[in-house]
1. Could you give me D for region 16-85, from Stokes-Einstein at 10 °C and 1.306 mPa s, where the hydrodynamic radius is the Kirkwood radius over C-alpha pairs? Units µm² s⁻¹, please.
2. Taking the Kirkwood radius as the inverse of the mean 1/r across Cα pairs, report the Rg/Rh of region 43-202.
3. Across bins of 5 angstrom width beginning at 0, how are the C-alpha pair distances of region 186-247 distributed, in whole percent?
4. When the chain is fully extended, how far beyond the present Cα-Cα distance does L163 get from E178, taking 0.36 nm per residue of separation?
5. Per residue, how big is the convex hull around the C-alpha atoms of region 108-178? Give it to me in cubic angstrom, could you?
6. How charged is the neighbourhood of S220? Take every other residue with its Cβ under 10 Å from the Cβ of S220, and add Lys/Arg as +1 and Asp/Glu as -1.
7. In square nanometres and to one decimal, what's the mean projected area of the convex hull around the Cα atoms of region 107-241?
8. Under 17 Å Cα-Cα from K154, which lysines qualify once same-chain neighbours fewer than 8 residues away are excluded?
Amino acid sequence: MKIAIIGGNGQLGCDLVQAFTANGDQVIPLTHSNLEIASLDSASRALPPLQPQVIVNTAAMHHVENCEREPERAFAVNALGAKNLALVARDLGCVLIHFSTDYVFDGSKMCPYVEEDVPRPLNVYGVTKLAGEHFVRGSLEKHFVVRTSALYGKSPCRAKGGLSFVELILKLAKERPEVRVVASEVVSPTYTAELARQIVALSCSNAFGLYHATAEGSCSWYDFAREIFALTNTKVSLQVAGPNEFPAKVPRPSYSVLENRGLKRLGLNLLRPWRDGLRNYLGITGACQAAVTP
Ligand SMILES: NC(=O)c1ccc[n+]([C@@H]2O[C@H](COP(=O)([O-])OP(=O)(O)OC[C@H]3O[C@@H](n4cnc5c(N)ncnc54)[C@H](OP(=O)(O)O)[C@@H]3O)[C@@H](O)[C@H]2O)c1
């Protein structure tokens, strides 16, 4: 199939390019210099000449503080951008795979969210991503809207700049005698290469709809750091950060774990426990045992 990947140089986009290429698809990576999704005109000029059968959209404004500061721009990219791509995909008769976020939930459920749960975003980022989901689901039948969470990959996240959580925490361990990490946010850290393989498998079905796709299980950022240090044999003092040490400038869900219920129903859930994904990222092979038991 011919697949146009928007945000093809981003954290997830790079792995999607690799995974679809490995699947034998003809992949066209597109960057921000090729199109601006917030503009229907730009999307309508860039995509039709390529005649894709599938458009994959990883582009988003997802720096949470920037979204809060610039809500109009966040809505233009995350909501109207998604709508623009859905309209172009509908005109071309092609499938749209669009990424959304665990931040559409408020975190109060305290057990994994399934696709049927009612979203209640706490911040502008979550509100605008939820609006994007509605635009896609309301305007295009052939869609996959995929909510994911806490991504890390070999290519850095462009919106957040610099290093992934894994690389940042390893860098801090080299520079400081003690590393302090919050334990107050519980997530499912998801390796983008594993998510990308999941997306390829899902794209081969025609079971269009809304899906959760994250690594299995959950942990706090502190637990994640502990596992990173254990697996890399990094000797550093790791402490739980106090409640006011890194005050959140924007409200975020304290628990945003998703269950891949839709994928499991289809018998298509390839995503493994987060520890296995981390071992894969770190290049550790062999039988997986918990290096640290929380
Ligand atoms: N990162 C996470 O932890 C996380 C968690 C849950 C959900 N998600 C979702 O997963 C998706 C991918 O995230 P990621 O971490 O791979 O992001 P990323 O590394 O920041 O990549 C996003 C890509 O989209 C491009 N882009 C941004 N705005 C654009 C626009 N208006 N028009 C066209 N291209 C634009 C960026 O190019 P430039 O950098 O050149 O602007 C970049 O290539 C996003 O939809 C995000 O909401 C991410």
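1. Taking Rh from Cα pairs, D becomes 120 µm²/s.
2. Computed over Cα atoms, the ratio is 1.00.
3. 4, 13, 17, 17, 16, 12, 8, 7, 5, 1
4. Between L163 and E178, full extension yields an extra 3.5 nm.
5. Normalising the Cα hull of region 108-178 by residue number yields 162 Å³.
6. -1
7. If you wrap the Cα atoms of region 107-241 in a convex hull and average its projections, you get 9.6 nm².
8. K171
Any read-out appearing in this document is the output of simple, stated calculations on the displayed coordinates, not a laboratory observation. Bear in mind the structure is a predicted one, so any value in this text is a computation, not a measurement. Here the Cβ is made from the backbone with ideal geometry for all residues, glycine too, and neighbour counts use every protein chain on show.
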